[in-house]
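Below: one structure, written as structure tokens.
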């Protein structure tokens, strides 16, 4: 294969790399420095580069496989590259809401480097390249978390995230090394062939568990979630939004490929009447812990960002149900749910960033009177919160329905009924703290005058427009979920 052909297949990643370097150069230029024009120029270049990368993905061939799976072009990979680029696009559009965003060039460059990590994760079916994508994404997210040097909580969150992430990376790499040592390959399809032809060895089970531990950290599944609340609360709001959206989507795509392609012969069963050792019972246990811990601890939160963090732990548990169910339908349910969850949380963090900019905080009490200050933001936040709660006709309702039905139909004799029952119980618990947020916005009164959110500034209008678009997307995907579900099912082999 010629270098030109390789460049053509890797053109989306190459465009984002060039965009990141251009944005970084503009941000470091002494001519613009930290002025408002610098932020606007950097944002425009970043948005333009991401749009060009989306166009490049659209023009990729339908199928291609390079270097044993290190770069795989397929309908599924292309679809989720577009989704990851779209999430990064929306994050850049929300940057004017972040008041404490100094050095916009460096910030947006790190966000773009993180986006490259997402694309490498989604576009690979080889363990070493997946690990490289994880590390590129992780290093970018550590910097984005600790980016606000004026806030000690941001530095603390970045340090905690880095320490937990480094430990998780060590587990993942050690697990990959054991799998390679016993199978002799790092390609997922080749690993599946080796595992299906040889008896299971104890070291192989250790390698699989260690690999799953690393990804459980990435998706903030209990008990590997302690980094999430501090990171979501201490990081700049948009950094937390990118961690909660893009990182989650790519991690679930890759985790699904690893367990359903690479570890497929060792799936086992999590059915209550026929439990069989394998990775399925491990993910089932992670799902139960995540749902119970996330929802119960969220009840005690008074900070909206910590509440969303523990909610994210619970939603990671719901999303794992599709992987435990396995098969084409279970994987498609997981992919749909993680996509609509990412869109919802990105919009919610956009509202949080604006409220924090106006009121100086992001506790629940700071949202009091939001209905009076900005009916538009209050309405959009209501859409996001009710979707997270899983109420119709929003996308979160169909996402949960799809997941639960896929779990009930998997296997025989409704073996995953116990998991669905626990997930339903967790959903009922979550109604309390989600409705508390709505009560604060629409019922509670502020002791001081309600701040007005209306503004004629271009940046503020762009943020409100982006949040509104995300809210409309959540509503439309609940009414017409086939628009995304059909694309996902069509892209799956």
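The table below gives the values:
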read-out: Only listed residue being in contact with a helix residue (DSSP H, G or I) (Cβ under 6 Å, 6 or more places away or on another chain), modelled with pLDDT of 90 or more and assigned to a helix (DSSP H, G or I), chosen from 463, 474; value: 474
read-out: Where a residue in the stretch 359-383 is closer than 21 Å to residue 230 by Cβ and its partner, wherever it lies, is part of a loop (DSSP other than H, G, I, E, B) and modelled with pLDDT of 85 or more, with Cβ under 9 Å and at least six apart; value: 363/302; 364/301; 364/302; 365/302
read-out: Among residues of the stretch 65-102, those that are in contact with a strand residue (DSSP E or B) (Cβ under 6 Å, 6 or more places away or on another chain), farther than 23 Å from residue 334 by Cβ and not in a helix (DSSP H, G or I), counted; value: 2
read-out: Residue ranges of helices (runs of 4 or more DSSP H) in the stretch 103-210 with at least 2 members closer than 16 Å to residue 255 by Cβ, within 22 Å of the chain's Cα centre (by Cα) and in contact (Cβ under 8 Å) with a residue 24 or more places away in the chain; value: 104-122, 127-145, 152-183
read-out: Of all residues making up the stretch 289-307, the number that are over 14 Å from residue 219 (Cα atoms), touching a residue at least 60 places away in the same chain (Cβ under 8 Å) and assigned to a helix (DSSP H, G or I); value: 9
read-out: Residue identified as surrounded by fewer than 24 Cβ atoms within 10 Å (Cβ to Cβ), farther than 15 Å from residue 472 by Cα and touching a helix residue (DSSP H, G or I) at 6+ places or on another chain (Cβ under 9 Å) among 391, 376; value: 391
read-out: Residue match in the stretch 245-258 (condition: touching a strand residue (DSSP E or B) at 6+ places or on another chain (Cβ under 7 Å) and modelled with pLDDT of 90 or more); value: no
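The values are calculated or read from the model by the stated rules, or taken from the named source; none is laboratory data. These numbers were taken from a predicted model, which means no experiment stands behind them. Glycine also receives a Cβ, built like all others from the backbone with ideal geometry; neighbour counts cover every protein chain displayed.
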